[in-house]
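Engineer: Would you mind keeping the following structure in view while I ask a few things?
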Amino acid sequence: MRAQVTVIPATIPLHQQDVFNPINKRRVAAYARVSTETEEQETSFNAQVDYYTKYIAERPEWELVEVYTDEGITAVNTKRREGFKHMIADALDGKIDLIVTKSVSRFARNTVDSLNNIRELKAKGVECYFEKENIWTFDGKGELLITIMSSLAQEESRSISQNVTWGQRKRFADGKVSMPYKRFLGYEKGKDGVPKIVESEAKIVRQIYQLYLNGTTVRDICRILTDSGIPTPAKKAEWPVSTVMSILQNIKYKGDALLQKTFCEDFLTKKMVKNEGQVPQYYVEESHPAIISPELFDIVQAEIARNRGRGKARSNASCFSDRIICGSCGEVFGQKTWNASSKYLDF
């Protein structure tokens, strides 16, 4: 016998289509992003916000929820894109029916992130529309097209990252030195791009070196600077030990520079790791004016190494602390107090 099959048609659409309903309008959000904070990109950013505000308002079947934005943020991952994360959260909470954005690359340059977010939104009945590519994610070919476009955007990011890395290494090879001037004591950027000494700050650097050579402990140097009301390089009131040690050991203060001490391990995560031989380093001598003479800097490094080799904390309890060395064993003489019951009293 031949089996009889009766087709029961679907009555509920898998995804809500963009059909005009004057009573129940579709709630629409837009997403705008630029990856840098340059003046040209700022104009582009403002233009995107203005364009999509008007674009949504002109459609009677749509109701504007919000234009979510990220300014000066890369799209290779979602870690720092607070506007994007806020938009996705609102969509998953049922506040948004449709997300409109300029292109796939504005949404994400990471293929995995892009697909994961789109699939998560799709499962909640939220559609995305990419205007430049004319892709609707509820369309049967939408995911395939997004996969292709996201992969192209990711490869473009890889290419940009490689070009930036090449440019940086070319600068290193040419001996061009840059500093985090806002958090670096003693220098400012000169007109020719070469670090220029800020004398008012350089005096503090020289004071730190001199105090250390005079036998002052690093903790006491921190206390002296804090009590004197001198702000740290980060403009904080209290000096930590790590900051003083960083100043005492930074070769830039003797006019040299070691470049590419860290490098970007993955262009997607932007994770910076310590360079332990994975990529070239560049040592540049006399790359900029010195605040500390090379001779004085080397003496301080030898003193730091000697104190670490002793295996105990440096002391400046008296003017003779750490200054008298035993000629036989090389140990430092320490201050002793004997009393009437001491076994050493008759010596």
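Engineer: Which of the residues spanning region 141-178 are without any contact (Cβ under 8 Å) to a residue 12 or more places away in the chain, among the acidic types (D, E) and either surrounded by 12 or more Cβ atoms within 10 Å (Cβ to Cβ) or farther than 28 Å from A290 by Cα (or both)?
Structural biologist: E155
Engineer: Exactly one condition in (1) more than 30 Å from K271 (Cα to Cα); (2) modelled with pLDDT under 90; (3) in a helix (DSSP H, G or I) is not met by R106; state its number.
Structural biologist: (1)
Engineer: Sort through E201, E133, E188, E143 and tell me the only one that's charged (D, E, K, R) and at pLDDT below 80.
Structural biologist: Exactly one residue qualifies, and that residue is E143.
For (1) of a type outside the set (F, W, Y); (2) part of a loop (DSSP other than H, G, I, E, B); (3) at pLDDT 80 or above, each residue gets a yes or a no:
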position: T6; (1), (2), (3): yes, yes, yes
position: L14; (1), (2), (3): yes, yes, no
position: Q17; (1), (2), (3): yes, yes, no
position: F20; (1), (2), (3): no, yes, no
position: V28; (1), (2), (3): yes, no, yes
position: T36; (1), (2), (3): yes, yes, no
position: E42; (1), (2), (3): yes, no, no
position: A47; (1), (2), (3): yes, no, yes
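The values are calculated or read from the model by the stated rules, or taken from the named source; none is laboratory data. The model shown is predicted, which means the values in this text are computed figures rather than measured ones. Cβ atoms come from the backbone with ideal geometry, glycine included; neighbour counts cover every protein chain shown.
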